[in-house]
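Peer 1: One structure, pasted below without further comment.
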Amino acid sequence: VFTFISPCCEPTTMRVAVILSPLLVSGTTDCQPMRPPADQRTFRSDVVDKAVDDLAAKLADPTLACIFKNAFPNCLDTTIYQFSKAGSTESVGRCSATPGECGVVQNQTKDDAFVVTGDIPAMWLRDSMNQVLPYIRFAKQDPQLQALLRGLVHRQAAQILTDVYANAHNIDRSTGQTPNTGDHTSKPSYLGTTVSAMTPLIFERKYELDSLCAFLKLGAEYVRATGDVSALDAQWVQAVRTVVATMRSQQTETADDEGIYSFQRCSSCEPTDTLSHGVGFPGARTGMVRSAFRPSDDAT
């Protein structure tokens, strides 16, 4: 397991915390190169590839070097579903492997990137931020990589404005492709009523405070590494205001939240349901911000 720590590091260095499995310690693991062929990678960065090779060459253990070379670039290799640059009519990424899958890019006024989580065809706010975080240090050296990261900032801002309580979203043209259509999640409507909040753009609507923080962190880390504030446009500012307003609304005591958010996945709707029938356990105002779910996706 590799943990790449970025905020404290110089752009030219990588600090690697390594936990060796028993198989590695015993020397019985035979690591093989597992990266996709170069022409099948969902995004290519010569700068990142060089950094991977340079650091791997400094590792005395060849098995450890092999694991690092497989693991570090994996997000770029496999999870960039679609990336399009401002002013372009073409997209690259995993979608390009299937003719017509990328769709037609029209009136692309700014960079856009959709980063999926592994084999799930949806984008999580928290996961996509963490997936690209190790590469931000290289952005100033690679304009294409910087555009990808800027596109992800734009995409996350748009997702926040689509539904600030959703933790995962579908790509625009793949609307409705989610196994979670049976989730019972609502938002306030007219005259004190509530309506279903699930829409085709939402893959999952688990309100997690850390997802909102991930959006803020992505923008901050991007600007810190690149000095480029163009990503923090009017849409991003509106999304930040929405996040702050949401955090403030979740500081209220549960008796006064007026149906701001509810969620229940009824595979086992029991009286002892963790979310107390979708509205959460009673809580008084303390100044802290409530969160319906933990970063692990478990209900609080």
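The values are calculated or read from the model by the stated rules, or taken from the named source; none is laboratory data. Predicted model only: the values in this text are computed from it and were never measured. Counting neighbours? That spans all protein chains shown, and the Cβs are built from the backbone with ideal geometry, glycine included. With ligands, DNA and RNA removed, areas are computed over all heavy atoms of the protein, side chains included. Shrake-Rupley method; radii C 1.70, N 1.55, O 1.52, S 1.80 Å.
Peer 1: Applying the selection to the stretch 204-231, what residues are touching a residue at least 60 places away in the same chain (Cβ under 8 Å) and not in a helix (DSSP H, G or I)?
Peer 2: The answer is Glu204, Lys206, Tyr207, Glu208, Gly227, Asp228, Ser230, Ala231.
Peer 1: Let me ask something additional. Scan the stretch 32-43 for residues that are hydrophobic (A, V, I, L, M, F, W, C) and open to solvent by 30 Å² or more (accessible area, probe 1.4 Å) and jot them down.
Peer 2: Of everything in the stretch 32-43, those that are hydrophobic (A, V, I, L, M, F, W, C) and open to solvent by 30 Å² or more (accessible area, probe 1.4 Å) turn out to be Met34, Ala38.
Peer 1: Next up: Which condition number in (1) open to solvent by 60 Å² or more (accessible area, probe 1.4 Å); (2) of a type in the set (Asp, Glu); (3) modelled with pLDDT of 95 or more; (4) out of contact with any Asp or Glu (no Cβ under 8 Å at 6 or more places or on another chain) is the one that Asp46 fails?
Peer 2: Among (1) open to solvent by 60 Å² or more (accessible area, probe 1.4 Å); (2) of a type in the set (Asp, Glu); (3) modelled with pLDDT of 95 or more; (4) out of contact with any Asp or Glu (no Cβ under 8 Å at 6 or more places or on another chain), Asp46 violates only (4).
Peer 1: Still on this structure, I have one more. I'm checking my understanding of the structure. Among residues of the stretch 168-199 that are out of contact with any Asp or Glu (no Cβ under 8 Å at 6 or more places or on another chain) and of a type in the set (A, V, I, L, M), which one is surrounded by the fewest Cβ atoms within 10 Å (Cβ to Cβ)?
Peer 2: That would be Leu191.
Peer 1: Considering only the stretch 132-150, how many residues are open to solvent by 40 Å² or more (accessible area, probe 1.4 Å) and either closer than 18 Å to Phe215 by Cα or among the aliphatic types (A, V, I, L, M) (or both)?
Peer 2: Qualifying residue count for the region: 1.
Peer 1: Would you confirm, using the coordinates I've provided, whether Val240 is of a type in the set (A, V, I, L, M), outside any loop (DSSP other than H, G, I, E, B) and farther than 16 Å from Ala139 by Cα? Can you show your working first?
Peer 2: Working: of a type in the set (A, V, I, L, M): yes; outside any loop (DSSP other than H, G, I, E, B): yes; farther than 16 Å from Ala139 by Cα: yes.
Taking the combined requirement at face value, the residue satisfies it.
Peer 1: On to the next question. Restricting to the stretch 205-255, name every residue that is surrounded by fewer than 18 Cβ atoms within 10 Å (Cβ to Cβ) and of a type in the set (Gly, Ala, Ser).
Peer 2: Answer for the stretch 205-255, where residues must be surrounded by fewer than 18 Cβ atoms within 10 Å (Cβ to Cβ) and of a type in the set (Gly, Ala, Ser): Ala220, Gly227, Ser230, Ala234, Ala245, Ser249, Ala255.
Peer 1: Given the structure, is Leu148 assigned to a helix (DSSP H, G or I), farther than 24 Å from Arg241 by Cβ and within 19 Å of the chain's Cα centre (by Cα)?
Peer 2: On the way: assigned to a helix (DSSP H, G or I): yes; farther than 24 Å from Arg241 by Cβ: yes; within 19 Å of the chain's Cα centre (by Cα): yes.
So Leu148 fits the description; yes.
Peer 1: Find the residue count for the stretch 30-63, including only residues that are basic (Lys, Arg), within 27 Å of the chain's Cα centre (by Cα) and in a helix (DSSP H, G or I).
Peer 2: 1
Peer 1: Take Val164 and decide whether it is touching a residue at least 40 places away in the same chain (Cβ under 8 Å), hydrophobic (A, V, I, L, M, F, W, C), surrounded by fewer than 22 Cβ atoms within 10 Å (Cβ to Cβ) and assigned to a helix (DSSP H, G or I).
Peer 2: So Val164 does not fit the description; no.
Peer 1: Hey, another quick one. Please tell me if Ile202 is within 27 Å of Lys85 (Cα to Cα), hydrophobic (A, V, I, L, M, F, W, C), crowded, with 22+ Cβ neighbours inside 10 Å and modelled with pLDDT of 95 or more.
Peer 2: Criteria not met by Ile202.
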